[in-house]
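Accompanying notes for the structure given below.
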Amino acid sequence: MKNFRKTSFLSLTLGWIGLIITHIIWSNLRYENASGGDTGVVLFWASFFLLIFYGLFILIPQKRIVKLAEKLNLTLFILISGIYALIGFIILIGWIFLLSDNFYGVFLDAFVCGLIFGLTFHLIWNKKRNELKQKHLIPILTLPIFFLFIYLFVFPKLLPSIAYNVVPQYVRHDILKNTIPKFKVGDSLTELQKALPGEFEFDDCYGNSGAMFEDFQFVIEVNCCKIVRIEYGPRQKTGYTMGGKRKPCS
């Protein structure tokens, strides 16, 4: 059973990353952004319950998992791992979503996590497990932190317009808060839409939008595909007024 913990933890970590990516894709297909699918909530609770899953469903039956990995072919082991992860998820927390008859994307997340775990574990255990040395333990343990650092900090800073629809709500708000001050009256609506995709969709290039966050508020009015009013700043007790008469385009 040498190297089982390193192999299994690495496999589950990659499964967790796959789970998050799956949920981002599902959220965008259903809600058009990751925020609508509560990706931030899933990110936190998936991490918590996967640790419980790791202890109960992987470490305790480790001898059985090893025997199956050595006995079954890759395809069958991957499929069984996906089903096993789905069953474990339902036992731990998924039954709540079954009762609520909503948010079925989380079951797909769990299944994909199991598939990736099965693929990674089978390949490493049967071919590379003896190459995992003690020096590999730190990179394995820090992989989740590295992923979160890239996903939640580096990615939004370097590519904010791309990250806007694939990050949790609080990161999305930070991108919006940092992007809006870059625009001014007279700027094109098209450029604003490119910077914050899906946020400002106005019919016939006319409309207004605003919001109040925990520490920031803004209002933007558009006419003739141009920004005609933009106000922003720290949140106050009262928000900015919205509305304005539509003017003919010259």
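I'm trying to understand the selection: among the residues of region 203-250, which are out of contact with any helix residue (DSSP H, G or I) (no Cβ under 7 Å at 6 or more places or on another chain) and of a type in the set (F, W, Y)? The answer is Y206, Y240. Entry remark, region 146-184: residues being under 13 Å from N33 (Cβ atoms) and of a type in the set (A, V, I, L, M, F, W, C) number 7 in total. The residue that is surrounded by the most Cβ atoms within 10 Å (Cβ to Cβ), counting only those in region 58-80 that are more than 18 Å from K127 (Cα to Cα) and of a type in the set (A, V, I, L, M), is I58.
The set of residues from region 116-166 being outside any helix (DSSP H, G or I) and either in contact (Cβ under 8 Å) with a residue 40 or more places away in the chain or under 30 Å from R64 (Cα atoms) (or both) comprises L132, K133, Y164, N165, V166. A46 passes every criterion in (1) modelled with pLDDT under 95; (2) over 30 Å from R172 (Cα atoms); (3) surrounded by 17 or more Cβ atoms within 10 Å (Cβ to Cβ) apart from (2). Residues of region 232-241 that are surrounded by fewer than 14 Cβ atoms within 10 Å (Cβ to Cβ) and within 18 Å of F200 (Cα to Cα): T241 alone.
Exactly one residue out of A163, A195 is modelled with pLDDT of 95 or more, touching a Pro at 6+ places or on another chain (Cβ under 7 Å) and aliphatic (A, V, I, L, M), and it is A163.
If you go through region 179-199 one residue at a time, do you hit one that is of a type in the set (S, T, N, Q), under 23 Å from W26 (Cβ atoms) and free of Cβ contacts under 8 Å to residues at least 40 places away in the same chain?
no
Filtered by the rule that a residue be over 19 Å from T39 (Cα atoms), loosely packed, with under 13 Cβ neighbours inside 10 Å and among the β-branched types (V, I, T), region 81-112 gives a lone residue, I91.
How many residues are hydrophobic (A, V, I, L, M, F, W, C), farther than 13 Å from Y232 by Cβ and either touching a Gly at 6+ places or on another chain (Cβ under 9 Å) or outside any helix (DSSP H, G or I) (or both) if we restrict to region 197-217? Number of matching residues: 2.
Any idea which residue in region 169-224 is least open to solvent (accessible area, probe 1.4 Å), counting only those that are of a type in the set (S, T, Y) and more than 30 Å from V42 (Cβ to Cβ)? If you could, list the steps in order and put the result at the bottom.
Going through region 169-224, the residues of a type in the set (S, T, Y) turn out to be 170, 179, 188, 190, 206, 209.
Checking the rest, the ones that are also more than 30 Å from V42 (Cβ to Cβ) come to 188, 190, 206.
Numbers: S188: 34, T190: 70, Y206: 66 Å².
Ranking the candidates gives S188 first.
Note on region 14-37: among residues that are of a type outside the set (F, W, Y), surrounded by 13 or more Cβ atoms within 10 Å (Cβ to Cβ) and free of Cβ contacts under 8 Å to residues at least 12 places away in the same chain, the one that is nearest to L119 (Cα to Cα) is I21.
Taken over region 223-243, the residue count meeting the criterion of being among the β-branched types (V, I, T) and farther than 16 Å from F183 by Cα is 2.
Right, L143: under 18 Å from the mean Cα position of the chain (by Cα), modelled with pLDDT under 95 and hydrophobic (A, V, I, L, M, F, W, C) or not?
Values: under 18 Å from the mean Cα position of the chain (by Cα): yes; modelled with pLDDT under 95: yes; hydrophobic (A, V, I, L, M, F, W, C): yes.
Considered against the rule, which asks whether it is under 18 Å from the mean Cα position of the chain (by Cα), modelled with pLDDT under 95 and hydrophobic (A, V, I, L, M, F, W, C), L143 comes out as yes.
The values are calculated or read from the model by the stated rules, or taken from the named source; none is laboratory data. Just so it is clear, the model here is predicted, and its values are computed rather than measured. In this analysis, Cβ positions are derived from the backbone assuming ideal geometry, glycine residues included, and neighbour counts consider all displayed protein chains. We work out accessible area using only protein heavy atoms, side chains counted, and drop any ligands, DNA or RNA first. Shrake-Rupley method; radii C 1.70, N 1.55, O 1.52, S 1.80 Å.
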